[in-house]
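One structure is given below, encoded as structure tokens.
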Amino acid sequence: MTSDDDLSKAPGRDGLPPADSPFRTEPTPRDEAPQFVLPLVARIERAEPPARTAALETAARAVLVLLSDDRALGDGEWAQAVRDWQDARIRKVVRRARGAEWRRAEALDGITVTGDGAQVRVFPPVPLDGWPKDLARLQVSGTDLDDPEPPPAPDPSAPVLWLNPDLGMTAGKAMAQAGHGAQLAWWALSEPQRKEWREAGFPLAVRTADPARWEPLTRAGLPVVRDAGFTEIAPGSCTVVSEGGTRYAPLGRVTGQYG
């Protein structure tokens, strides 16, 4: 699912992200910069597709793994592409692969992240019109997934990426949104907090918020993802709120802030 979406950090005094943020929903000079996209490929075999929640959580972790990889930092081989991507709008595209398609995707430069029967491969950012051939041919559709059983209550020690209960997003769209939420959480942390989270393997949960809890979550000063409205949902819709854990990614919670 294409996710040419904007993100919103926790609002400032004017209720908007900083003027130089790539996450305003209105046009900014960043729109004039060359646009890049972060490709994510989910392995979805016909016989054994992953559970929806596992796929969403694995996609979110894949974004974090790439952002923290040495190749994406400093003078690393992916660092310039990551900087170019983050200097413009933050875009993510989720496509699906199976069988030989997946094997071809794994042969390309990237990182495969696994979790609970799900596999997602993340690649360094590419220009919007410069996809590698073996990724460009993959389908965006076909990422409709289900949970065979309701997911368990999230671990309170780890952050939770809460999905808007009023939006009916496909799994592919929700995977991209979960990746946005994880990225905002990462940016909100100090280096020691990032290190602790990374060394633990980026524990996190993705859940759909209770309708009564959604509005308080969006007003709690937590990182909020707002969609640009290119696909599926209306522009400006809040899609994900990133709530902190008691140990990892302590961003704060609607029930009180961390001391």
Of Gly221, Gly259, which residue is at pLDDT 90 or above and either open to solvent by 80 Å² or more (accessible area, probe 1.4 Å) or over 30 Å from Thr114 (Cβ atoms) (or both)?
Gly221
Got at least one residue in the stretch 166-183 being in contact (Cβ under 8 Å) with a residue 12 or more places away in the chain, open to solvent by 20 Å² or more (accessible area, probe 1.4 Å) and within 27 Å of Arg103 (Cα to Cα)?
yes
Cβ-Cβ under 9 Å pairs, at least 6 apart or on other chains, the stretch 190-218 side over 13 Å from Arg247 (Cα atoms), far side of a type in the set (Ser, Thr, Tyr):
Ala205/Thr53; Val206/Thr53; Arg207/Thr53
Failed item, numbered, when Ala212 is tested on (1) surrounded by fewer than 23 Cβ atoms within 10 Å (Cβ to Cβ); (2) modelled with pLDDT of 95 or more
(2)
State whether the residues of the stretch 98-109 include one that is of a type in the set (A, V, I, L, M), under 30 Å from Val254 (Cβ atoms) and either out of contact with any Cys (no Cβ under 8 Å at 6 or more places or on another chain) or open to solvent by 40 Å² or more (accessible area, probe 1.4 Å) (or both).
no
So if I check each of Val113, Val93, which one is of a type outside the set (Phe, Trp, Tyr), touching a Leu at 6+ places or on another chain (Cβ under 8 Å) and either open to solvent by less than 20 Å² (accessible area, probe 1.4 Å) or in contact (Cβ under 8 Å) with a residue 24 or more places away in the chain (or both)?
Val93
On the basis of being at pLDDT 95 or above and touching an Asp or Glu at 6+ places or on another chain (Cβ under 9 Å), does Pro125 make the cut?
yes
Looking at the stretch 48-90 only, could you name the residues that are β-branched (Val, Ile, Thr) and crowded, with 21+ Cβ neighbours inside 10 Å?
Thr53, Thr58, Val63, Ile90
Please go through the stretch 142-163 and pick out each residue that is crowded, with 24+ Cβ neighbours inside 10 Å and in a loop (DSSP other than H, G, I, E, B).
Pro159
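The values are calculated or read from the model by the stated rules, or taken from the named source; none is laboratory data. All values derive from a computational prediction rather than experimental measurement. Neighbour counts are summed over all protein chains in view; Cβ atoms, including those assigned to glycine, are modelled from backbone coordinates with ideal geometry. For accessibility, only protein heavy atoms count, side chains too; no ligands or nucleic acids. Shrake-Rupley method; radii C 1.70, N 1.55, O 1.52, S 1.80 Å.
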